[in-house]
Amino acid sequence: MLGYNISKFFEHPYREDRIVKINFIVSLALNFLMWAILYFKLHSLSYTTDSGQIYLHYNLYFGIDNIGYWYEAFVIPLLGLFIIAFNSFLGYFFYIQEKVISYALVISQTLLQIILFAAAIFVILLNI
């Protein structure tokens, strides 16, 4: 590992691929938007409740089954950041051997960000 040239990381063809770049930027933009929307919508809601807690999960059979503080909703975008980092890391190493696996990873990270974004919106709508 000591002999690894850091310029190899920045000159890797994975970083120059258009599909990878677009999906990475869209994933980060959705994740940043999730952080911002959750903060601005839920932070103000925490002051309107007596205990400072909000609804975090709704189940069709049981109704509201998870209540917590407003900052606990940030697990959703935090999970999204982990997915971006993990899939990008794996995609980087699979790119030279098999581009299809790398593309599947970066496209799946974008799709998962869309699903997590929908979950964040549902948490907000549950509390309005």
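Summary table below
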quantity	calculated
Residue count for the range 72-111, restricted to those that are without any contact (Cβ under 8 Å) to a residue 60 or more places away in the chain and either in contact with a helix residue (DSSP H, G or I) (Cβ under 8 Å, 6 or more places away or on another chain) or surrounded by 17 or more Cβ atoms within 10 Å (Cβ to Cβ) (or both)	14
Where a residue in the range 117-128 is touching a residue at least 12 places away in the same chain (Cβ under 8 Å) and among the aromatic types (Phe, Trp, Tyr) and its partner, wherever it lies, is crowded, with 17+ Cβ neighbours inside 10 Å and part of a helix (DSSP H, G or I), with Cβ under 9 Å and at least six apart	PHE117/LEU30; PHE117/ASN31; PHE117/MET34; PHE117/ILE76; PHE117/PRO77; PHE117/GLY80
Filter result for ILE96 (assigned to a helix (DSSP H, G or I) and β-branched (Val, Ile, Thr))	no
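Here is a yes/no grid of residues against (1) over 16 Å from ASN127 (Cα atoms); (2) at pLDDT below 90; (3) out of contact with any Gly (no Cβ under 9 Å at 6 or more places or on another chain):
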| site | (1), (2), (3) |
| --- | --- |
| VAL20 | yes, no, no |
| VAL26 | yes, no, yes |
| GLY63 | no, yes, yes |
| LEU79 | yes, no, yes |
| ILE101 | yes, no, no |
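The values are calculated or read from the model by the stated rules, or taken from the named source; none is laboratory data. Quantities reported herein were computed from a predicted structural model and do not represent experimental measurements. Cβ atoms come from the backbone with ideal geometry, glycine included; neighbour counts cover every protein chain shown.
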